[in-house]
Amino acid sequence: MHTTKSPFAAKLLTFFTRFAFCVVVCALPIGSVTAQTSSAHDWPNVPTGPFHWQLQGDIKLGSDIKIVGSDAFETTADQVRSWRDAGIFPICYVNVGAVEDWRSDRNQFPPDSIGNAYWGWPGEYWLNIRRFERFSDVILARFDLCRDKGFLAIEPDNIDAYEADETNKETGFDLSRKDQLLYVNWLIDQAHARGLAIGQKNAPDLVPELVDKMDFALLESAYRLGFMEDFEPYAEMNKSVFAVEYLDEMEVGNDPQSLCPAAKELGFQGVIAHLDLDRAPQNCP
């Protein structure tokens with residue numbers, strides 16, 4: 001929540017170069033956590049268990065952590081390697097629905113693809129996902145960055161832009177549910193082509209179309225907003241679901257630990273975090 005166009009031949013050469021690179025590199029294990037694939041696909045299965053989700057600041061993991069989610073740009077390959085050596089599954093945060101003005105690739109997005117400010121998140125602006133081919137090369141470079149650093153899965157942020165337009169026309173592009181699904185399905189294909197798992201983040205209305213294709217789910221404030229049950233199909237398919245509640249959003253007098261029995265009943269991993277995701281979260285037992 002937060003180009004310069006190449007000639008066709010050059011793009012084709014780049015594609016085959018990346019493909020050849022991935023064939024060689026993606027098959028190489030890094031440390032103790034290798035890409036444990038199922039017989040049905042060529043990307044890793046996402047485990048369940050205590051989840052450390054932190055997108056800024058120094059990341060220090062507790063001894064019980066099994067999965068870590070961190071930022072594609074801020075996290076080094078050495079850090080990812082150390083996590084995998086320790087048997088920890090790393091998930092790569094990528095903003096796919098909005099552009100942040102502090103990112104090093106910000107100027108690679110065509111100006112007419114950048115829309116209104118994302119309310120509540122200074123420096124962040126919606127993207128015109130209806131014309132995602134206009135900035136697809138930037139998103140693919142981010143996916144490549146995740147893969148090359150050794151991450152095993154992608155957390156795609158802001159795949160719910162159409163919801164912002166259903167009520168308040170927030171994005172500036174009047175995006176539809178159909179626009180969103182076309183884009184998300186492309187993201188899924190691109191992640192899987194790189195040997196990476198990918199998860200559904202929020203957007204409960206899209207569960208029926210995505211649960212068979214996505215590999216895990218990450219929910220924000222679903223307990224408070226009442227949409228945890230929409231993600232039961234993930235648990236029924238033995239796919240990991242991480243349900244995160246923010247201390248900053250809890251109403252005075254509410255016990256954040258009340259999330260835990262609700263998450264456990266659904267087979268989800270409950271996590272209590274701070275909204276800025278700048279420190280260690282607390283996992284439900």
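Can you work out the Karplus-derived ³J(HN,Hα) for every residue in the range 260-274? Use 6.51 cos²θ - 1.76 cosθ + 1.60 with θ = phi - 60°, whole Hz, and x for glycine or proline.
With coefficients 6.51, -1.76 and 1.60, one gets 4, x, 5, 5, 4, 4, 8, x, 9, 8, x, 9, 10, 9, 9 Hz.
Just subtract the alpha-carbon distance of Asp144 and Arg106 from 0.36 nm times their residue separation and send over the number in nm, one decimal.
12.0 nm
What does the accessible area of Lys213 come to, in Å² to the nearest 10, when a probe of 1.4 Å is used?
90 Å²
Roll a 1.4 Å probe over the protein chains and send me the accessible area per residue for the range 132-204 in Å².
The answer is 31 Å² per residue.
Quick one: compute the contact order of the range 178-285, relative version, from alpha carbon pairs under 8 angstrom and 6+ residues apart, as a percent.
Rounded, it is 19 percent for the range 178-285.
Going toward the positive end of the dipole of the range 142-285, with +1 on Lys and Arg Cβ and -1 on Asp and Glu Cβ, which of His192, Phe268, Ala203 do you reach last?
His192
Taking the Cβ-Cβ separation of Asn168 and Ala235 as r and a Förster radius of 45 Å, what is the calculated FRET efficiency to the nearest 0.05?
So the FRET efficiency works out to roughly 0.90.
Only bridges with both residues in the range 160-285 count here: give the DSSP antiparallel percent, nearest 5.
Bridges in the range 160-285 that DSSP calls antiparallel: roughly 15 percent.
Amide H of Gly172 versus every other amide H placed in the peptide plane: which residues, excluding those fewer than 5 positions away on the same chain, fall under 5 Å?
Asn116
Check which residues have an amide H placed less than 5 Å from Ile198's amide H, if you skip close sequence neighbours.
Under 5 Å from the amide H of Ile198 lie the amide H atoms of Ile154, Asp215, Phe216, each far enough along the sequence or on another chain.
How high is the relative contact order of the range 108-190, given as a whole-number percent (alpha carbon pairs under 8 Å, six or more residues apart)?
With pairs under 8 Å counted, the relative contact order is 31 percent.
Check each of the GluC sites (Glu not before Pro) in the range 211-283 and keep only those in coil by DSSP with at most 10 other C-beta atoms within 10 angstrom; list them in order.
Glu251
Quick one: of Lys169/Lys201; Lys66/Lys239; Lys66/Lys213; Lys149/Lys239, which pairs are farther than 18 Å apart, Cα to Cα?
Long pairs (Cα-Cα over 18 Å): Lys169/Lys201; Lys66/Lys213; Lys149/Lys239.
Given the whole protein assembly as supplied and a 1.4 Å probe, what does the accessible area of Thr76 come to in Å², nearest 10?
Here the accessible area works out near 80 Å².
State, to one decimal in nm, how far the label point of Trp121 lies from the label point of Asp71, with both points 7 Å from Cα in the Cβ direction.
1.2 nm
Expected output is a single nm value to one decimal: the length gained when fully extending between Asp248 and Asp85, i.e. 0.36 nm times separation in residues minus the C-alpha distance. What is it?
55.3 nm
Quick check: pseudo-label points 7 Å beyond the Cα along Cα→Cβ at Arg279 and Trp186, how many nm apart are they?
Distance between the two pseudo-spin positions: 4.0 nm.
Give the ranking of Lys169, Lys201 by solvent-accessible surface, highest area first, calculated with a 1.4 Å probe.
Lys169, Lys201
Tell me, what HN-Hα J-couplings in whole Hz come from the Karplus equation 6.51 cos²θ - 1.76 cosθ + 1.60 at θ = phi - 60° for each residue of the range 192-201, using x for Gly and Pro?
So the Karplus estimates, Gly and Pro as x, are 5, 4, 9, x, 10, 6, 8, x, 7, 10 Hz.
Where in the range 37-120 are there chymotrypsin sites (Phe, Trp or Tyr not before Pro) that are in a DSSP coil and have at most 12 other Cβ atoms within 10 angstrom of their Cβ?
When the chymotrypsin sites (Phe, Trp or Tyr not before Pro) of the range 37-120 are filtered for loop state and at most 12 Cβ neighbours within 10 Å, Trp102, Trp119 remain.
What are the ³J(HN,Hα) couplings of the range 227-240, residue after residue, when phi is run through the Karplus curve with 6.51, -1.76, 1.60 and θ = phi - 60°? Round to Hz, x for glycine and proline.
Residue by residue, the range 227-240 yields 10, 4, 5, 4, 9, 4, x, 5, 5, 5, 9, 6, 9, 5 Hz.
The values are calculated or read from the model by the stated rules, or taken from the named source; none is laboratory data. Bear in mind the structure is a predicted one, so any value in this text is a computation, not a measurement. Note that we place each Cβ from the backbone using ideal geometry, even for glycine, and neighbour counts take in every protein chain shown. Accessible surface areas use protein heavy atoms only, side chains included; no ligands, DNA or RNA. Shrake-Rupley method; radii C 1.70, N 1.55, O 1.52, S 1.80 Å.
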